[in-house]
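Below you'll find the structure, written out as structure tokens, and then a few comments.
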Amino acid sequence: MSLHGYVDNFMSRLLFQDGFYSKNTSDPAANSYTIASWWFIRCIALIYFAAFYSLSAQVSGLVGANGILPLHYFLQNIETQLGDIAWLRVPTLFWLDASDISLVMTCYAGMALSFLLLIGKARLLVSIGLFGLYLSLFHVGQTFLNFQWDYLLLEAGFLTILLIWNNNRIVIFLFHWLLFRLRFLSGASKLQDPSWQDLTTLNYYFETQPLPHLGAWYFHQLPDWLLKTGTGFTLFVELIVPFFIFLPRRFRLFAAFSTILLQLLIIASSNHNWINLLTIVLCLFLLDDRALGFLKRLKPSATIEMADRKTGFVVTSVFALLIVTTSIAIAAQVFANLQAPRAFFWTRAWGLGNVYHVFPTMQVERYEFSLEGSHDGKQWKQYLFKYKPNHAREIPPFIVPHQPRLDWMIWFVPSKEPAMKFWFDAFIYGLQRNEPAITGLLKYNPFEDQAAPRYMRVLTYKYQFTRTDEFEKTGNYWNITYLGEFPFVPARNP
């Protein structure tokens, strides 16, 4: 039997005849995802655009030549450690040019390619370009781009390339596998946290999340029984519902609608950039052409498939094997402490086979920093953040799908994790130099037209949402308690 024949027989039995999916020959629309594929490509184009646009105004201050973590130092260190294979382990176009202009132009190029994908021009080349550009930024972004949504966009972006090149059932399975891992592993990672175990998570979540918008304040006022119900619903959707993805059609439809409902509730209460939007878009592949028939008139008749079917089936099967084995091996290492072969980490370097664990532990207290500078050590002036609360009457605005990387990262610092110290010290040093690239990441720099401050201090406060009656009396969203000067305060735990 030829290689193609062997792979075709194996994958067909695995996916279609022996359990994952069963073909419904009486209704071909229930086995087709043409409409979902067409809409997914347009939606991920918009998400790509949002991601590149969000980075365009921040990237120089974060990792530019005068930013917090200059990328040329990062690349030099990688090259020193890895030698000639550095570009394979850290695949990025910035090996060619690490200038600020290249950083910003990469974001603009990503926005331009996103528009081309949206309107359906040169889709295969454009999707490859988008993946390559974001992969490049992902690596040089260092800690600032080391988040679940960055992994998710990379892996979904790679699957988009396969979808455009050859839209077959293996690719649809890979999208299902990605959504399953995102949801189930996020739920599994929560099981060791006490607040998830006793269903009290939502008593803290709205108040302690990194960037709560006004909706979070209202959700925090809900009765305790409803918050516990919401916590239980979240665990059900993340631990049980993901298995419905691989069951017959009615279960997949339930998985889609329950997952979408949860994501909409999160958007209504949280500023989590585009991850919830991308999760909703991934649910399109749980909705076959029969379910999305009402959108048929809005989809052009042009097909998506481009490659020869036989070649496409073999290639997508090989990638499926690589992604599935990598993701299982890495998940086993994270959750079961089983050592994964080093080769699998090479796959992850290219954005594939990631492990997802969204909010595995819940913070029960919210600490906020007030960064202040002084020329004489007596009169202090406060820096203001763009999106974090700076005083009792301020609550972050609704900014989905924007991801303010600095404001988000500050949230991690009160835990005193060693990984946070390096970049935070570099940030404070940048403020003390009055470096425009870094101060430009802030809402207000009190020393913009003055000499750089000689002294810096970081004051720590505990923030708690006010009750409805307190807000009516004071107009404050927060009750604030002074804790002391960082780092001479107890670490937030966790």
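Bear in mind these aren't lab numbers, they're just calculated from the coordinates by the rules spelled out. Bear in mind the structure is a predicted one, so any value in this text is a computation, not a measurement. In this analysis, Cβ positions are derived from the backbone assuming ideal geometry, glycine residues included, and neighbour counts consider all displayed protein chains.
How big is segment 134-264 by Rg and Dmax over its Cα atoms, in Å?
Computed over the Cα atoms of segment 134-264, radius of gyration and Dmax are 17.2, 50 Å.
Work from the charge dipole of the chain (Cβ charges, +1 for Lys and Arg, -1 for Asp and Glu, about the Cα centre) and give the residue of 336, 311, 213 farthest towards its positive end.
Result: 311.
Once you compute Rg and the Kirkwood Rh from C-alpha atoms, what is the Rg to Rh ratio for segment 367-485?
That ratio is 0.98, to two decimals.
Exactly which trypsin sites (Lys or Arg not before Pro) in segment 35-136 are in a DSSP loop and have at most 15 other Cβ atoms within 10 Å?
Taking segment 35-136 and a limit of 15 other Cβ atoms within 10 Å, the loop trypsin sites (Lys or Arg not before Pro) found are 121.
In what sequence do 420, 362, 105 fall when counting other Cβ within 10 Å, fewest first?
In increasing order of surrounding Cβ atoms, one gets 105, 420, 362.
Mind checking the angle between helix 309-336 and the chain's longest principal axis? C-alpha axes, 0 to 90 degrees, to the nearest 10.
With rounding to tens, the tilt is 40 degrees.
What order do you get for 220, 375 when you list them from fewest to most C-beta neighbours inside 10 Å?
Placing the least packed residue first, the sequence is 375, 220.
Tell me which of 116, 444, 286 sits at the most positive position along the dipole axis of the chain, charges placed on C-beta atoms (Lys, Arg +1; Asp, Glu -1).
Going by the charge dipole, the pick is 286.
Using a Förster distance of 60 angstrom, determine the FRET efficiency expected from the C-beta separation of residue 470 and residue 122, and round it to 0.05.
Efficiency, rounded to the nearest 0.05: 0.60.
For helix 249-269, report the angle its Cα long axis makes with the longest principal axis of the Cα atoms of the chain; keep it between 0 and 90° and round to the nearest 10°.
Taking Cα atoms only, the helix is inclined about 10 degrees.
Over segment 189-243, what is the relative contact order in whole percent, taking alpha-carbon pairs under 8 Å and six or more residues apart?
Worked out over segment 189-243, it gives 38 percent.
Taking a temperature of 25 °C and a viscosity of 0.890 mPa s, what whole-number D in µm²/s does Stokes-Einstein yield for the chain with Rh from Kirkwood over alpha carbon pairs?
In µm²/s, the coefficient rounds to 101.
Find the centroid of the Cα atoms in segment 63-132 and in segment 363-434, then give the distance between the two in whole Å.
About 27 Å separates the Cα centre of segment 63-132 from the one of segment 363-434.
Calculate, in nm to one decimal, what residue 425 and residue 192 gain on full extension: separation in residues at 0.36 nm each, minus their alpha carbon distance.
Full extension from residue 425 to residue 192 adds 80.7 nm.
Toward the positive end of the charge dipole of the chain, about the Cα centre and with charges on Cβ (Lys, Arg +1; Asp, Glu -1), which of 276, 409, 465 goes farthest?
Farthest towards the positive end: 276.
How large is Rg over Rh for segment 265-410, taking Rg from the Cα atoms and Rh as the Kirkwood inverse mean of 1/r across Cα pairs?
Computed over Cα atoms, the ratio is 1.12.
If r is the Cβ-Cβ distance from residue 376 to residue 339 and R0 is 45 Å, what FRET efficiency results, to the nearest 0.05?
Here the calculated transfer efficiency is 0.20.
What angle, in degrees between 0 and 90 and rounded to the nearest 10, separates the Cα long axis of helix 224-239 from the longest principal axis of the Cα atoms of the chain?
Tilt of helix 224-239: around 40 degrees.
Treating only the Cβ atoms of Lys and Arg (+1) and Asp and Glu (-1) as charged, compute the dipole magnitude of the chain about its Cα centre; round to the nearest 20 debye.
In debye, rounded to 20, the chain gives about 980.
Please list the radius of gyration and Dmax for segment 65-130, considering alpha-carbon atoms only, with Å as the unit.
Values for segment 65-130 (Cα only, Rg and Dmax): 14.7, 43 Å.
If the only charges are +1 at each Lys and Arg Cβ and -1 at each Asp and Glu Cβ, what is the size of the charge dipole of segment 367-485 around the Cα centre, to the nearest 20 debye?
So the dipole magnitude of segment 367-485 works out to roughly 100 debye.
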